[in-house]
Every structure is written in C-alpha cells, then in structure tokens.
Amino acid sequence: MNRFSCLRPPLLLATALLLAPLARGQSESVAIHPCVVKGGSPNTAKKLQGVCTQAIGAAEGVKTTESACARSKSSNDFLSCLGRLARDNQASRSVLVTLSLQPGNKVGLSGIAVGPEGQKLEQKDIAAQSVKAGSPMESFVQTQVEELRKQLIPAPPPPEPKQAEPTPPASSVQSARVEQQPQGVSGSNTQGAVTGESTEKPELVPSVTETQKRAESRTWKTPVAYAAGGTGVAAGVLAVVFAIQAGNAYDKLDAEYQNGAAPPPSRAAEVAGLRDDINRNRTLAGVSAGVGAALVATGAVLWFIDKPSEPKAGSASLSVGPGGVGLSVLLP
C-alpha cells in the first residue's frame, strides 16, 4: 500500500474545511461594479456615478469594488470580467448598473448580475423617464437605482427563530422543591412541610342561627323599656310647652296691674281667664314632667335588668366553618 494513502482522507477533510468559508462567503455577499454613466457632461456623469454606486451598494453583504469591466470589447469578455470580479471578492454574484442620460432630461437604467463562473443570472431594464421640473436628478437616480437593486440583489434570508426551551415536567419541579429542604429534616417532616397547608384544620365560626339566638335571648322587658323611654321623653317635651304657655299668660296678667292700679271692671272676665290659663298650664306641665320622668326611669330599669339568659342544660348549638361543621351540647 502506498504510504500516502493513509493521509488522503485527512487532507481531503482539511481542504473541505478551508474551502467552506470561501463557499459560504460567496453565497452571502455581492460584489458591486462601479456604475457606468453614458451621455451627459463629465461633471454630471461623475456625480451621478457616485450616487448610483452608493445607492446600489447600500445593502447588507454588498462590497463595492473598483473594476473596469465596462471597457471589455465583447460580451463574453464582459461576462468573464464580472465573473472574475465575483470570484476575487468571494461573492455569489457581481452587479453592474448602467445609466443612460438622454436629451429632454431623461434617464434610463439597466442592470446585470453575473455569477462567479461568468454566467448571466439577472438582467433588468428600466425605460427612460423624464425628471420632473424642479426635482434634482440625483434624487431621481437614487430612487430608480434602489428599485433596480431589489431586482438584482436577492434579499437575505430571515433569521431562524429560536426554539423555546422545553418546560420541565411537574414531577421534576416538585422533587427539586423537596430536595431544597434543609439537612437534618426527616422524611415525615418534609412531607408535612410540603402538604402542611392541606393538613391544617380551619377554625369553626359561629353559625348565623347561633348569632340570632344570642340576639333573641332578651325578654319582653327590652321592647317595653324602649317604649317607656320614648313616651317619657315626649311627656317631658309637653311639660316644657305647657310651662312656656303658663309663662306667657302670667306676663299678660302682670301687664294688667301696671303701676299698682287694678284693671277696670270691664276687663274682669279677661283677667279671670288669664288666671285660669296660668293654673291649668302649670298643672299640666307638672303632671307631664312627673309622668315623663317616671316613664324614663322605668324604661332604664327594665333595660338594665333584662340581661341575656345563660344557655340551659340540655341545649345544643351548631357552628359552621369553611372546612367543617361543629355541634356543641350543654349537658345537665
């Protein structure tokens, strides 16, 4: 066996690894030939050449080069020159745009894309159009070249979406929580810590029925006390009214005896009526005040002596809570 036969596979592998970046670079980049301007003055041609070259090269993965393929004598030499331009720059294609300046302020565009082997990939033409009056020719050329660039240079592929990380199963998460328990804790304690919430017993609260029973434990004395107190307050108000009326009648009677002179006989009946009003109102005021005070005192006594009754032997009460029902029985 030839002694170099064992070295052939590693050499082939190394060669493939070295050529891989070159192939990848050719598939991802584009070489731009400087734009060619036909017609017009030298100053205008030079200015539009810069605008065109800058517009066609304003894309990702595009390299602007310096070459003179447009001076080729034949179409084969022209394509070969552009293919060599792509190979020299490790690009997948080379692009050349030509501007034609025509009379009447018209501009026409044509573009060609050539592969590394000199094969024609794309060729697009834009018919000559007149530049609007008052509009700069540079802006018109830039817009047309950008539109032509979209047809000659393929858009880069979108980035691959990132794959979402798989969610760990619930069993592994629970086991991880259990393993995070401090050392020295036994298995039973750990289980209690994990399931402690479910083992707690909810506190029982008194039921609505039991609360109502406590409120109804007072006897008839409480409503009677409220009624007696209210009536007593009303009687006190009447006593004040009668006392005011008696005072007004007294003031009128006192006016009849001004300067120590007795009233004339013609006013004797009116003076007697005033005396009757004073006596009657004073009597009613005194009676109302006494009755009112007695009723208020009676109501207060009845309210204070009417205490809630204690549960009797043999009675039962029911308590309902969020997590259970409780029954309490008072044995005799």
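Every number here is computed from the coordinates shown, using simple stated rules; none is lab data. On a predicted model such as this, the values are computed, not experimentally measured, just so you know. FYI the Cβ positions are ideal-geometry reconstructions off the backbone, even for glycines, and counts take in every protein chain you see.
Kindly flag which residue pairs out of 73/132; 47/120; 63/162; 120/150 have an alpha-carbon separation exceeding 26 Å in this structure.
Where the Cα-Cα span goes over 26 Å, the pairs concerned are 73/132; 47/120; 63/162.
Can you tell me the FRET efficiency between residue 234 and residue 272 if r is taken as the Cβ-Cβ distance and R0 is 35 Å, rounded to the nearest 0.05?
So, using R0 = 35 Å, E works out to roughly 0.65.
For residue 63 and residue 244, calculate 0.36 nm times their separation in residues minus their Cα-Cα distance, and state this gained length in nm to one decimal.
53.7 nm
How much FRET efficiency would the formula 1/(1 + (r/R0)^6) give for residue 287 and residue 219, where r is the Cβ-Cβ distance and R0 is 35 Å, rounded to 0.05?
So, using R0 = 35 Å, E works out to roughly 0.70.
Hey, can you grab everything whose amide H is under 5 Å from the amide H of residue 38? Only 5+ residues off in sequence or another chain; H modelled, so Pro and N-termini drop out.
Correct list: 99, 100, 101.
At q = 0.17, 0.18, 0.22, 0.23 Å⁻¹, what log₁₀ I(q)/I(0) does the stretch 95-136 have when each alpha carbon counts as one equal point scatterer in the Debye sum?
One equal scatterer on each Cα of the stretch 95-136 leads to -0.54, -0.58, -0.72, -0.75.
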